[in-house]
Amino acid sequence: MSLRVYNTLSGQKELFEPRVPGKVGMYVCGVTVYDYCHIGHARANIVFDIVYRYLKYSNYDVTYVRNYTDVDDKIINRANERGITSQQLSEEFIQAFDEDMGRLGLDLPTVQPKATEHIDHIIALVERLIANGKAYASEGDVYFAVESFDDYLKLSKRNLDEMQAGARIAPGEKKRNPMDFALWKAAKPGEPFWESPWGKGRPGWHIECSAMGMEYLGESFDIHGGGKDLVFPHHENEIAQSEAATGQPFVKYWLHNGFVNVNQEKMSKSLGNFFTIRDILKTYDPEVVRFFILSAHYRSPIDFSDQNLKEARLGLSRFYEGLQAAAEVLAECPPSDVEATDGTELAAKFREAMDDDFNTAQAIGYLFEGIRTMNRLMATKKFRKKADLVASVRALYETFLDLGKVLGMFGSEPKAWLDQQRMAALADLDITAEQIEALIADRLQARQDKDFARSDAIRDELAEKGILLLDGAGGTDWKIK
RNA sequence: GGCCCCGUCGCCAAGUGGUAAGGCAGAGGCCUGCAAAGCCUUUAUCCCCAGUUCGAAUCUGGGCGGGGCCUCCA
């Protein structure tokens, strides 16, 4: 079995064969740091976190580069509005980004370079393009000449003539062709700048990713990822400038994640329909957000709504409840020599799903089946005395924790996680944990006295307040409805 | 206007030629003092029409509906 990935360049799923066997070089476009990240950013980063984790799980030696774009018009404007420097602003939002991603439980990339720390590489790359006749300087700017690159638009599958006919491009007088894009921009007064052969200026948006990608991964590397909205112009331009400079294919596999929608519409800042990660995390556990995102295939659109988040929370709770039950049982049943294949079978299905273009939705479907199997085993009569069944549960339990690491889930201690969810939800209810415990004690007494009318009255009273009682072998527990 | 994607059970969502995963919700049952949780059983022929094929949710054409890119955007 082997990994197949959907390559935007070919428009098909392809067998994944890294350029150097066993090693993968992967670059993902990070964010422009001028504001807080929204759930769309969360999706992109979680998706590629999964790609990263799964490649590592598949025994690849992965170098993962994710950049910070810390010089850009929007940063400059926002900094001016606030009366601080671009650097101060970008530092602030780099920190915010790191915090958000940390809370979402993302693995740290191998390298997280900043554009402003690679100006020399950028300038060198631009010079190389000028030397090749692929770019030209014009009044302090430098532009890439799109007509000089035959493969231009091969990623987005557009047509140069038709795009120009579309006429939404402001014809810059400094450009030879309106489609030419800036590699280097002359600094206007008050803007941050670096010295260059073309005067004081700063890099264009696209060139930084080419420069940093090549710096850390070589002139040709395996995977380049980002949101679908980056296909054109960003990634298209990266290909043009990179391949025109080196004469080699820049990237082997281009991966793009779908959008997060709100009411079927793309979430974006201009529509004002975005939700920041930090706002969402006030209500929902990070793992719930992750589960929500992974419950759909990464290329499909996903609709953000309170209802969908709640469903995700319910789904994840089902896992943790099963895991908690298993953990309790296993703690009391010593490991035996009995072998069980349940775990390896589940892992094989999981891999089959993930090998098919990182189909996390399918993989989670298999995990749900695994949970049901585990629950079924534990519900068997005299379960604890049956070594083969206990061995199966143990195998499944361990497999869950193992596979959970690939998805960034199930990492919490089940009891603690469920408790935390419960306490968070309790804050919205008109009752405290102590009051609940006291009522449970009263009810226990009533039950012992066979006063079931009183017992049921207490249960109804709690139910009215949103509390559900669970009578188990070890006593009565409760959860939020 | 150009290019592209999507339309699967009440809801969410897999499935790209071989007879529809999974979750939530619903129904029946087991368990329970009664419940809850859990377990078992059960619920779709895939927007419409026409074609290709022994066979299509999956391919082709047309239609209807929704969305994206073409300007910064994950």
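Taken together, the values in this text are just the output of simple stated rules run on the coordinates, not laboratory data. On a predicted model such as this, the values are computed, not experimentally measured, just so you know. No Cβ is skipped: glycine too gets one built from the backbone with ideal geometry, and neighbour counts run over all protein chains shown.
A cut-off under 14 angstrom between Cβ atoms defines the neighbours of A:Thr341, and their net charge, with Lys, Arg +1 and Asp, Glu -1, is -3.
How much mean residue ellipticity at 222 nm does chain A get from its helices, if each DSSP H run of length 4 or more adds -39500 (n - 2.57) and you divide by all residues, to the nearest 500 deg cm²/dmol? Working shown, then result.
Values: 16 runs with 228 residues, N = 481.
Value at 222 nm, helices only, nearest 500: -15500 deg cm²/dmol.
Summing +1 for each Lys or Arg and -1 for each Asp or Glu among the other residues whose beta-carbon sits under 12 angstrom from that of A:Ile84 gives -1. Relative to its Kirkwood radius, the Cα radius of gyration of segment A:350-481 gives an Rg/Rh of 1.08.
Here the simple spin-label model places points 7 Å from the Cα toward Cβ, and for A:Phe452 and A:Glu219 these points are separated by 8.3 nm. Taking amide H as placed 1.01 Å from N in the peptide plane, the amide H of A:Ala135 sits under 5 Å from that of A:Ile130, A:Ala145, each at least 5 places away or on another chain.
Relative to the longest principal axis of the Cα atoms of chain A, helix A:73-82 runs at roughly 70 degrees. Each residue of segment A:1-91 gets 128 Å³ once the volume of the Cα convex hull is shared out per residue. Principal-axis analysis of the Cα atoms of chain A puts helix A:452-464 at an angle of about 10° to the longest axis.
Computed packing ranks the peptides A:403-412, A:439-448 as A:403-412, A:439-448, most packed first, by mean other Cβ atoms within 10 Å.
Residues of segment A:1-27 with an amide N closer than 18 Å to a point placed 7 Å from the Cα of A:Asp61 along the Cα-to-Cβ direction: A:17-27. Other residues lying with their Cβ under 13 Å from the Cβ of A:Lys415 contribute a combined charge of -3, Lys and Arg counting +1, Asp and Glu -1. What number, in percent, do you get for the relative contact order of chain A if the mean sequence gap of Cα pairs under 8 Å and at least 6 apart is divided by its residue count? Reported relative contact order: 15 percent.
For chain A, the Kirkwood hydrodynamic radius from C-alpha pairs, put into Stokes-Einstein at 4 °C and a viscosity of 1.567 mPa s, yields a diffusion coefficient of 51 µm² per second.
Looking at chain A only, what percent of DSSP beta bridges run antiparallel? Nearest 5 please. It would help to have the intermediate numbers written out before the result.
Working: 25 of 46 bridges.
The answer is about 55 percent antiparallel.
Counting only Cβ charges, +1 for Lys and Arg and -1 for Asp and Glu, the dipole size of chain A around its Cα centre is about 700 debye. Karplus-based coupling profile of segment A:244-250, in residue order and whole Hz: 5, 6, 9, x, 10, x, 7, with θ = phi - 60° in 6.51 cos²θ - 1.76 cosθ + 1.60 and x standing for Gly or Pro.
Please express the shape of segment A:109-200 as an equivalent ellipsoid: the semi-axes are the square roots of 5 times the eigenvalues of the C-alpha gyration tensor, given largest first in whole angstrom. Write out the running numbers ahead of the final one.
On the way: eigenvalues 124, 63, 38 Å².
Working from the Cα gyration tensor, I get semi-axes of 25, 18, 14 Å.
Here the peptides A:143-151, A:236-244, A:254-262 are ranked by packing, the mean other Cβ count within 10 Å, and the order with the highest first is A:236-244, A:254-262, A:143-151.
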